[in-house]
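This report refers to the structure that appears directly beneath it.
The values are calculated or read from the model by the stated rules, or taken from the named source; none is laboratory data. Computed from a predicted model, the values in this text were never measured in an experiment. Cβ atoms come from the backbone with ideal geometry, glycine included; neighbour counts cover every protein chain shown. Areas reflect the complete protein model, heavy atoms only, side chains present, ligands, DNA and RNA absent. Shrake-Rupley method; radii C 1.70, N 1.55, O 1.52, S 1.80 Å.
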There are 2 protein chains.
Amino acid sequence: MTDRFSFRLLETDAGARFGEIGTPRGIVRTPAFMPVGTAATVKAIYPDQLKAAGADIVLANTYHLMLRPGPERVARLGGLHAFMRWDKPILTDSGGFQVMSLAKLRRITDEGVTFQSHIDGATHVLTPERAVEIQCLLGADIQMQLDECIELPAGHDDVERAVERSLAWGMRSRRAFERLMEVGTAKPGQALFGIVQGGTDADLRRRSTDAVVAMDFAGNAIGGLAVGETQSAMLATLELTAERLPAEKPRYLMGVGTPVDLIESVARGSDMFDCVLPTRSGRHGQAFTWAGKVNLRNARYADDPGPLDPESSCPAARDYSRAYLHHLVKAEEYLGAMLLSWANVAFYQQLMAAMRGAIAEGRFARWAEEAKRRLA
Amino acid sequence: MTDRFSFRLLETDAGARFGEIGTPRGIVRTPAFMPVGTAATVKAIYPDQLKAAGADIVLANTYHLMLRPGPERVARLGGLHAFMRWDKPILTDSGGFQVMSLAKLRRITDEGVTFQSHIDGATHVLTPERAVEIQCLLGADIQMQLDECIELPAGHDDVERAVERSLAWGMRSRRAFERLMEVGTAKPGQALFGIVQGGTDADLRRRSTDAVVAMDFAGNAIGGLAVGETQSAMLATLELTAERLPAEKPRYLMGVGTPVDLIESVARGSDMFDCVLPTRSGRHGQAFTWAGKVNLRNARYADDPGPLDPESSCPAARDYSRAYLHHLVKAEEYLGAMLLSWANVAFYQQLMAAMRGAIAEGRFARWAEEAKRRLA
């Protein structure tokens, strides 16, 4: 434990990186997958199960928490860690992405975003300064600058405008974070990450990357991907971005992805990931296993006495029959969503652990080929 | 452990009974509350949590399981215990009650009930013989005769007809169970209970009770209560029924009830109970505590840092703040239903344990007065 934020790069192998982020709340082993705890809970999973599954860090959504229960209330109640009973690191996003995708009647200016809550229609304003303040009130260990993330495909001018605005917001987020650190609202060891934007336009990505790097954040995120582009466009953009990012800081690829996306992105130097896929799929009867995706709604599992994934160490994947899981999914029972969400989050953690092991032992390229074949 | 079904009455105090049901799957301490696992899962709760909460037995619904996944399938998969990963005793109802309340286009004759599934409209037939066969296929440790349960208020003739039919079905259920025991479909130590009907009509109740007792079931259930009558009518009927039931066999009051109902019914000699109230309430933001009912939707809990019930040993009631539970309920998060269902099932078990302790120590009447005051 330390009261400083740190990153140690322990091994690099075939482009993939094995490392450790240090925070006052504990170590995050990288490459790391962060389960998404949108509204201060990773849906249908107990905190203890997350920990036992190997999660070092979870992500929470600033947009949802600013609307309900409200950051000032969370602060009064002792912060997000105490509120949701998760004592390990938490990363919060800035709220920008969800304002764009969920809020009604949003109006974006250089100052910030004005929008209506999707819950009760109330009007809210999110500026770079407020986004950082909210994340400090929540007590997030890793905080994100406010950025403008636009859907792809988009025209060059729209992407460029979003890049310039995100850079300006990045600088304002950085200054706001420093001020909050001076007055003690931000706590020692908490860190702010910058976000690279630029769609799939190589020139804009390079410009954005270089400007974000110059701002010297504690870590760098790659945003604006996994929003509608092809996997090859995503990976090409990731490659040209990653090669311009400093090796000594963590790289967070936002919103990615499928198991194969994760392997491909780790191979291109990404260290951190988040995605709703394991939990959302779990709630819809889909499981991720070492033998690929399993749709438990399928009638073929109605009489299958075998476990979901004999290679998994997760009780949900190991101890219950596929026939029972099929029944629970068909009957729309809570326990179906609970077991499959748990199994999926555990699978993602096992996948990351396998990658870390392969990188540490210098066999990542071979491991990745074999894993992609099995998961396909 | 034993391969016989047994009941030992250990103490009687102020009308309340403390005892032990012995089955090959383990002991059931009485008075016992059986959490309801309708479709082979107690909604939103893991089997391990039920066990840790102190549940010795769960109830599963024949009606739901005969429709989905089907008793023959459950038998092929090793029986209900293996299917739902619950190795302690299971009691199944006969399906009759739910056919009356859930099925469409039901037609009742002396032979049995023909009805359409509420899931897919398929036609099914439930006879006394089939109801017992289904329960044997499921592998239930305690099985119930098929009965006709009618809604109250009802006319005298309707109640009388239901009583007579239930008695005839009781005799057929008993014979069917004996035949299945001879051929090995029913297993040693499994038991069949009879059911007293008769609405709130004292004469019909007495007639039904005496006839059921004469059939010499392993245990006797009191059905047809908690279906719309007042609490005082229910308790009066319970009293006149219980005094005619043999002391040396367990008495199961079906479908009851609230915490105060349970105390009043234990005071009148009941040994076993089941009710969806703790789990259904939990899914709707209602919690049972030693200080009474708590509606977590209420805005007054939004800033309450205290636990749900400081007297509970259940982690759900002890470790999370009311503010967090309020938030989860408002946000309609799975974890809200999970934690409150868990807390409620644990509270019901703690209530039964407190009653057993009070009876064993000869202080039940005093304990009951104090508990009713606190819970009101």
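Quick notes on this structure:
- Condition check for residue B:263: at pLDDT 95 or above, in a strand (DSSP E or B) and β-branched (Val, Ile, Thr): no
- Of everything in the range A:67-98 that is away from every other protein chain (no Cβ under 13 Å) and modelled with pLDDT of 95 or more, the residue that is surrounded by the most Cβ atoms within 10 Å (Cβ to Cβ) is A:93.
- Looking across the range A:312-360 at every residue that is within 7 Å of chain B (Cβ to nearest Cβ) and of a type outside the set (A, V, I, L, M, F, W, C), the one that is nearest to residue B:66 (Cα to Cα) is identified as A:327.
- Listed by first and then second residue, the pairs with beta-carbon distance under 9 Å, at least 6 apart or on different chains, first residue in the range B:123-135 and under 18 Å from residue B:60 (Cα atoms) and open to solvent by 50 Å² or more (accessible area, probe 1.4 Å), second acidic (Asp, Glu) and in a helix (DSSP H, G or I), form an empty list.
- The requirement of being small (Gly, Ala, Ser), touching a strand residue (DSSP E or B) at 6+ places or on another chain (Cβ under 8 Å) and under 27 Å from residue A:159 (Cα atoms) is satisfied by residue A:247.
- Looking across the range A:165-197, the residues that are among the aromatic types (Phe, Trp, Tyr) and open to solvent by less than 10 Å² (accessible area, probe 1.4 Å) come down to A:169, A:193.
- Scanning the range B:273-309 for residues that are among the acidic types (Asp, Glu) and in a loop (DSSP other than H, G, I, E, B), we see that the one that is least open to solvent (accessible area, probe 1.4 Å) is B:309.
- Filtered residue count, the range B:217-232, keeping only those that are modelled with pLDDT of 95 or more and among the hydrophobic types (A, V, I, L, M, F, W, C): 4
- In the range B:6-66, counting only strands (runs of 3 or more DSSP E) that sit wholly within it, the ones holding 1 or more residues that are modelled with pLDDT of 95 or more and touching a Lys or Arg at 6+ places or on another chain (Cβ under 7 Å) span B:6-13, B:16-23, B:26-30.
- Filtered residues of the range B:44-58 (kept if open to solvent by less than 10 Å² (accessible area, probe 1.4 Å) and either touching a helix residue (DSSP H, G or I) at 6+ places or on another chain (Cβ under 8 Å) or at the interface with chain A (Cβ under 9 Å from one of its Cβ atoms) (or both)): B:44, B:45, B:50, B:55, B:58
- Residue check for residue B:151: in contact (Cβ under 8 Å) with a residue 60 or more places away in the chain and surrounded by fewer than 16 Cβ atoms within 10 Å (Cβ to Cβ): yes
Yes or no, residue by residue, for (1) crowded, with 23+ Cβ neighbours inside 10 Å; (2) touching a helix residue (DSSP H, G or I) at 6+ places or on another chain (Cβ under 7 Å):
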position: B:208; (1), (2): yes, yes
position: B:218; (1), (2): no, no
position: B:229; (1), (2): no, no
position: B:240; (1), (2): no, yes
position: B:251; (1), (2): yes, yes
position: B:254; (1), (2): yes, no
position: B:271; (1), (2): yes, no
